[in-house]
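One structure is given here, and the rest of the page talks about it.
The values are calculated or read from the model by the stated rules, or taken from the named source; none is laboratory data. These numbers were taken from a predicted model, which means no experiment stands behind them. Cβ sites come from the backbone with ideal geometry, for glycine too, and all protein chains shown count toward neighbours. Note: accessible area is taken over every heavy atom of the protein model, side chains too, but ligands, DNA and RNA are not part of it. Shrake-Rupley method; radii C 1.70, N 1.55, O 1.52, S 1.80 Å.
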Amino acid sequence: MPSLTPAQVLGGLERILGAEGLLTGIAPHSQTDLEPYLTDHRRLYHGHALAVALPRTVTQVMDLLAFCDRHRIGVVPQGGNTSYCGGATPDESGRQVVVSLSRLSRVRRLDPLDYSIVAEAGCVLADIQRAADDAQRLFPLSLGSEGTCQLGGNLSTNAGGVHVLRYGMMRDLVLGLEVALADGRLLSSLGTLRKDNTGYDMKSLFLGAEGTLGIITAASLKLFPKLRAFATAFAALPAPRAAVDLLARLRDASGDRVSSFELIPRIGVDLTTRHIPGVRDPLDTPYPWYVLCELTSPRAADPLEELLEASLAGALEEKLVLNAAVARDQRDRAAFWKLRETIPEAQRLDGGSLKHDISVPVASIPDFIERGSRWIADNVPEGRLVAYGHVGDGNLHFNLNQAPGADRAAFLAREEPVKRAIHELVKDFGGSFSAEHGIGRLNVGELERYAAPVELDLMRAVKRALDPNGILNPGKVLRSN
Ligand code: FAD
Ligand code: 2HG
Ligand code: ZN
């Protein structure tokens with residue numbers, strides 16, 4: 001079939017979406033209207049697009065895909081555009097269509113007795129949390145970007161965040177999906193069954209697929225009892241090994257009520273107190289490492305604070321913990337969390353950074369940090385380590401920031417060798433070079449390098465089966481042919 005001219009494509013899209021459902025670079029719109037959709041939040045990737053589609057209905061998404069498939073037009077799904085690997089940014093050709101799901105944002109159903117919610121892909125994560133809370137339930141996925149990221153993006157990146165230790169990743173919270181396929185058909189499986197062994201689990205293919213296998217339009221999700229008791233501490237530690245020991249103890253002593261356990265290095269406190277208004281060090285002297293740990297329970301009367309204080313007192317005696325602040329109220333708790341969740345923003349404000357979202361077995365975290373820090377100290381004088389993150393899940397953001405006085409460009413030029421050394425170390429530890437942020441464009445080469453050949457073959461076969469014309473997010477996760 002002869003390919004359509006850009007004007008014919010725009011005409012076809014407008015017939016499907018209506019004029020108000022399409023942004024183009026042409027009057028009455030301008031290139032500025034498109035701009036926010038063409039770059040990622042870290043401004044590492046810049047693309048071009050023929051148009052941005054803003055569907056309001058599932059049928060529009062289906063019709064758009066059928067049209068794009070017929071005419072071999074690349075489609076880039078986009079949610080809140082907060083992801084880290086360039087997966088939501090179009091390429092430079094100017095021929096792709098960005099599909100923003102932001103107008104598909106209805107909570108379709110919430111059933112407190114079934115502990116489930118059905119929501120559309122464009123729902124902002126914080127709105128889903130709020131809807132659950134209003135119904136005396138909990139939707140536990142929680143990320144620093146929750147006020148902006150959307151359910152479709154969370155599903156498509158299999159997002160992690162600060163409650164994985166207790167509730168699992170996004171994948172573990174899904175009961176069913178509704179997905180528009182490349183050819184325009186709809187896979188509709190929004191049931192809320194906890195048990196269903198009828199053949200292959202098709203939904204699992206789309207979770208973490210970063211828009212390369214279909215466009216998710218809605219999902220049914222698990223809810224949990226609302227949390228009514230909290231105990232939160234900001235504890236200073238001599239070294240990461242103490243964090244792993246303390247976590248094991250707390251899990252044991254609390255009957256597994258630890259819901260977050262985040263490692264923070266001293267430099268994380270320095271950067272946030274310097275760059276983020278209102279962040280203060282909760283302790284009055286500096287220490288080398290910290291954990292932000294939180295115990296939670298649905299039972300308001302659970303004596304979590306006593307339990308946490310008793311565990312910390314024992315750990316203080318043994319010098320496993322050097323000092324600790326326990327949140328006395330919601331304000332303290334919010335202040336501790338603000339310090340943790342603004343580390344990425346403080347890193348950005350401090351200068352250039354190189355990021356590595358890695359995981360290793362939890363018990364290997366101390367050795368990994370030791371070997372990784374030594375390598376950086378010996379080999380990257382232009383950078384300094386900012387290693388923090390979800391230590392309870394074995395997931396570290398093993399990041400570097402340019403050292404004071406270092407040249408930004410010279411530091412960023414070290415990206416490849418630094419990445420290679422860190423990812424090789426991750427491999428030695430049996431870990432993953434992408435724990436929670438995905439592959440996008442950033443890590444396509446890394447996936448080719450580290451995935452087993454059989455695994456890559458299977459991924460390519462799945463891609464061919466579900467997207468034979470290669471229109472879905474081309475070049476993301478797998479290289480386009
Ligand atoms: P986008 O960036 O819009 O898209 C992500 C990918 O999903 C792209 O490949 C896109 O094409 C695809 N996609 C989007 N919507 C759909 C859809 N409906 N159907 C099919 N494909 C789709 N991530 C974590 O895992 N844990 C964290 O703790 C965490 N903390 C963060 C803190 C901050 C301050 C920031 C800025 C980001 C953080 N992130 C974290 C990363 C990011 O927020 C998550 O990856 C989030 O899940 C992305 O959602 P989004 O809606 O922004 O997706
Ligand atoms: C977090 O845990 C996010 O804060 C972002 O996953 C990590 O910026 C990063 O490296
Ligand atoms: Zn993270």
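Quick notes on this one:
- Between the beta carbons of residue 19 and residue 228, assuming R0 = 41 Å, the FRET efficiency works out to 0.25 to the nearest 0.05.
- C-alpha long axis of helix 304-317 to longest principal axis of the chain, angle in °: 60
- Relative to the longest principal axis of the Cα atoms of the chain, the long axis of helix 6-17 lies at roughly 70 degrees.
- Of 144, 46, 379, farthest towards positive along the dipole that unit charges on Lys, Arg, Asp, Glu beta carbons give the chain: 46
- The chain: C-alpha gyration tensor shape, a/c 1.5 cut-off, then a/b vs b/c: prolate
- Only the Cβ atoms of Lys and Arg (+1) and of Asp and Glu (-1) were treated as charged; on that basis the dipole of region 299-374 about its Cα centre amounts to roughly 340 debye.
- For region 436-481 versus region 1-72, the gap between their alpha-carbon centres in whole angstrom: 24
- Building the convex hull from the alpha-carbon atoms of region 39-180 and averaging its projection over directions returns 8.7 nm².
- Shown here for region 1-65: trypsin sites (Lys or Arg not before Pro) in loop regions (DSSP other than H, G, I, E, B) with at most 11 other Cβ atoms within 10 Å, namely 43.
- With 0.36 nm allotted per residue and the present C-alpha distance subtracted, the residue 299-residue 29 stretch has 91.9 nm of extension available.
- Spin-label model distance (nm) - residue 464 vs residue 48, 7 Å beyond Cα toward Cβ: 3.2
- Applying the criteria of a DSSP loop state and at most 10 other Cβ atoms within 10 Å to the trypsin sites (Lys or Arg not before Pro) of region 364-394 yields no site.
- Using a probe of 1.4 angstrom and keeping all protein chains present, the accessible surface of region 64-209 works out to 40 square angstrom per residue.
- Surface share of carbon and sulfur [accessible, 1.4 angstrom probe, percent] for the chain: 52
- Paramagnetic label zone (point 7 Å from Cα along Cα-to-C-beta, residue 185; backbone N under 13 Å) in region 449-481: 465-468
- Of the trypsin sites (Lys or Arg not before Pro) in region 257-362, the ones in a loop by DSSP (not H, G, I, E or B) with at most 13 other beta carbons within 10 Å are 280, 299, 319, 328.
- Rounded, prolate or oblate (a/c below 1.5 giving rounded, otherwise prolate when a/b exceeds b/c) for region 229-268 by Cα gyration tensor: oblate
- For region 141-193, the Kirkwood estimate of the hydrodynamic radius, built from every pair of different alpha carbons, is 12.3 Å.
- 16 Å Cα cut-off, lysine pairs counted over the chain (separation 8 or more, or different chains): 7
- Here's the picture: charge each Lys and Arg Cβ at +1 and each Asp and Glu Cβ at -1 in region 276-349, and of 324, 298, 276 the one pushed furthest to the positive end of that dipole is 276.
- Solvent-accessible surface of region 377-481, taken per residue with a 1.4 Å probe and all protein chains present: 45 Å².
- Positive-pole candidate from 445, 421, 435, dipole of region 367-457, charges at beta carbon: 421
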